[in-house]
Every structure is written in structure tokens, then in C-alpha cells.
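One structure coming up, written as C-alpha cells, with questions to follow.
Laboratory data are not the source of any read-out in this text; all were calculated from the coordinates shown. The structure presented is a predicted model; accordingly, all values stated were derived computationally and were not measured. Using ideal geometry, Cβ is built from the backbone for each residue, glycine included, and neighbour counts are taken over all protein chains shown.
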């Protein structure tokens, strides 16, 4: 297949995602990589025209990628990119059907997210140091756990995004969707403590809520490192990362409330099936309680 045959349609598709859907550069790069890979595969199959592509070619592409050792989750992402691309061509009148519509990628075995239990979370957050950077880091950790933020959402927070009187924070999540979230009392207190020190690090025009010693917005990598270091200092012997606090927030909220829809809203999940992973964590907790408490669940001591 002449690569020019797909180059222009792919660029048109990416432009639509960039300007109409306003997807992030990271997401656009992923679409481009997946479609370029598919384009190269079709070229090797001597496909010379868009209308020659059928379901068999899509299936063959996924099988080829699978033989290359690509995992199911990546195959599903690549299939989603191809399916979206063909839908775009349908709308544009370039194709009369979507050859990827009925193709199914291998199912992904869902790995349960790692979480901290309530005691471990409390241990992590009980930072005793009163240096300005420790006060800042405590505020970051408290806000992560209080409101279940993604790392990118916290990094991009500006001062006007948080209302300490109303105890709410506005974040912009995936798909550029904004949502307002409650902020707990301890997080409010921690943020107020940080704000007393923040002004000594920043220029007047710096809006970022959390800044480095040089007055710049903190980078994701810096926050990840600081969190890892604090976990070690606080005596937690597992790898702790920002998303673990988000997972812990979701698991603890669901465990206490049982309200899956509310947790979905708080996390900003577009699809409730994404939130349902936490019901499995909750069930694991219930199973442990049952096994330890129910008279007929506990293992009997073997008689000597």
C-alpha cells in the first residue's frame, strides 16, 4: 500500500482530535503511533486503496502484534484507535463501512490496583517535620487523599481553583472535563499552613498552588519522588505513588458508603465500569473480615 494513501486521512483524523476534541498531546501521540503502525502493516500487505481494507486485515494486524509480544491492553488501545479512525472516514464519506466494527481484541485480565489501608494512610500523612517543604508535601498528600485527585490534576492546580472557605477544589480531568470536589478539614488545614510559606518562594505572577523552592510549578516527577521519599521516612515498606492515594481514597470511600455512583462522580470516571474495579477491592476486604470472624469460616486447629 502506498503510504500516501493513508497519510492524508490519518492527518485529517488527528487534526479533528486536536482541534475539535481537544485531546492532550500525549493522547494524540498514542493515536499517531498506533495508526502509523497499522499503516506500515497494510503497506507490507500490498494494500493500495482504502476500500481494499476489510475485517480480515484488522484481525491479521492484531494477530501480528500479538505474536510480537504486545500485551492485551495495548492491543485493545490500538484497536480502539483504528476503529475511531474508520468511523471518521465513514463520516467523511471515504468508506461505506467500518472494517474494525466487529473485531474484538483479547480480553485484559483486570489487575486490582494497589492501595494503602486506613492505618497505612494515616501513617503516611502524619508528617511531623515543620520545614516549609515538609509542610508543602503534607498539604499535597492530604489533598491527594482527601479528594482523590489524579497526579496531573494536582500538578495543574492554581490558587483560584481552591476555595478554602467553601472547602471545594475545581480540577480539570481527562477529556478537559472540569469537576468540583469537596476538600476535607485536615487537607484545608494543611493547605492553609503551606500558603503561609508559599509566598516566600514565588514571583507575584505565579499562580501554581504548589511550587518548588525556585518558585516554579512542581513537576509530576518531583511529586512522585517526594512521595516515595516520605513513604520511606514514615516507615511504609511498599512502593507508594500518587495514584495509590487516589486508589486508596476510592476504596475507603466505597467501603464506608457503598455508593458506587458517588465514587464515580468524585473520581471523574466517564464509565462506571472503570469505577467497579473498586468493588472487587471492597469484596476482598469483606472476605477477609468474614474469614476472620465467621465461626464456620475459620480454619479449625488440627488435633495432634
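Report the residues of the stretch 182-196 in range of a label on residue 262: point 7 Å along Cα→C-beta, backbone N strictly under 20 Å from it.
Taking a point 7 Å out along Cα→Cβ of residue 262, the residues of the stretch 182-196 whose backbone N falls under 20 Å are 182-188.
So for each of 138-148, 230-240 I average, over its residues, the number of other beta carbons within 10 Å; can you give me the resulting order with the highest mean first? Don't jump to the answer; show the numbers that get you there.
Details: 138-148: 24.7, 230-240: 14.5.
In decreasing order of mean packing, 138-148, 230-240 become 138-148, 230-240.
While we're on this one: Would you mind ranking 169, 103 so that the residue whose beta carbon has the fewest other beta carbons within 10 Å leads the list?
103, 169
By per-residue mean of other Cβ atoms within 10 Å, what is the highest-first order of 88-95, 32-39? Could you put the intermediate results ahead of the total?
Values: 88-95: 14.2, 32-39: 17.9.
Order by mean packing, descending: 32-39, 88-95.
Let me ask another. Given contacts defined as C-alpha pairs under 8 Å and at least six residues apart, what's the relative contact order of the stretch 4-91, whole-number percent?
On the way: 36 pairs, mean separation 32.6, N = 88.
37 percent.
Further question: Over the chain, what is the relative contact order in whole percent, taking alpha-carbon pairs under 8 Å and six or more residues apart?
Numbers: 317 pairs, mean separation 46.4, N = 304.
In percent, rounded to a whole number, it is 15.
Nearest 10 degrees is fine. How inclined is helix 185-198 to the longest principal axis of the chain, computing both from alpha carbons?
90 degrees
Here's a follow-up. For the stretch 44-192, just say rounded, prolate or oblate: build the C-alpha gyration tensor, square-root its eigenvalues into a ≥ b ≥ c, call rounded for a/c under 1.5, and beyond that prolate if a/b exceeds b/c, oblate if not. Mind showing how you got there, number by number?
Working: a/c = 4.08, a/b = 2.38, b/c = 1.71.
Note, shape of the stretch 44-192 comes out prolate.
Between the stretch 56-101 and the stretch 208-281, what's the alpha-carbon centroid distance in Å?
With the stretch 56-101 and the stretch 208-281 each reduced to a Cα centre, they are spaced 33 Å.
Hey, with R₀ at 30 Å, roughly what FRET efficiency would residue 107 and residue 49 work out to, going by the Cβ-Cβ distance, to 0.05? Please report the intermediate quantities before stating the final value.
On the way: r = 33 Å, r/R0 = 1.10.
With a Förster radius of 30 Å, E is 0.35.
Could you work out how far helix 25-44 tilts from the main Cα principal axis of the chain, as a 0 to 90 degree angle to the nearest 10?
30 degrees
Any idea what the relative contact order of the stretch 163-290 is, in percent, if you count C-alpha pairs under 8 Å spaced at least 6 apart?
On the way: 89 pairs, mean separation 16.5, N = 128.
It comes to 13 percent, rounded to a whole number.
On a 0 to 90° scale, report how tilted helix 220-233 is relative to the longest principal axis of the chain, with both axes built from alpha carbons and the result rounded to the nearest 10.
40 degrees
Students often check this: by mean Cβ neighbours within 10 Å, which of 242-248, 198-204 ranks highest, and how do the rest follow?
242-248, 198-204
Show that you can apply the helix-only estimate: for the chain, add -39,500 (n - 2.57) for every DSSP H stretch of four or more residues, divide by all residues, and state [θ] at 222 nm to the nearest 500. Don't skip to the answer; put the middle values down first.
On the way: 13 runs with 171 residues, N = 304.
Value at 222 nm, helices only: -18000 deg cm²/dmol.
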